[in-house]
Amino acid sequence: MEQRFCDGVEEVSVVSGVVRVDFFNYTTGPKDKNGRPARELSYRLLLSPDAFLQTYGVLDEVRKQLEQKGVIKRREDTPVANVPAAAKPAAKSGKAGA
């Protein structure tokens, strides 16, 4: 089984009924305008809507376990403006290959 590391999710979109999750890695080169490492798209995960919902359910259970163990804390006060673009819904397209 192939394993890959990523630093985060760059974008999630739905095109022609397929959920596309784009992952990124930080680069070691120049920084962006805010002084953070630049991002480089590393791979894309393609999921059917059913597979996406199943994946979401599994990840939500892991999130709950991490909260219960104190590894992460739920942040209710995070403004929507600080939510990465990946968490915002993308426009749907019915065109093939779009």
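The values are calculated or read from the model by the stated rules, or taken from the named source; none is laboratory data. Since the model is a prediction, treat every value here as computed from it, not as a measurement. Neighbour counts run over all protein chains shown; Cβ positions are idealised from the backbone, glycine included.
The single condition among (1) in contact with a strand residue (DSSP E or B) (Cβ under 7 Å, 6 or more places away or on another chain); (2) touching a residue at least 60 places away in the same chain (Cβ under 8 Å) that V14 does not satisfy is (1). S48 satisfies every condition listed in (1) modelled with pLDDT of 95 or more; (2) surrounded by 12 or more Cβ atoms within 10 Å (Cβ to Cβ); (3) among the polar types (S, T, N, Q) except (2).
Whenever a residue of region 24-43 is under 14 Å from R4 (Cα atoms) and without any contact (Cβ under 8 Å) to a residue 40 or more places away in the chain, its partners that are in a strand (DSSP E or B) and among the acidic types (D, E), lying with C-beta atoms within less than 7 angstrom and at least six residues away or across chains, give the pairs F24/E10; F24/E40; N25/E40; L41/E10; L41/D22.
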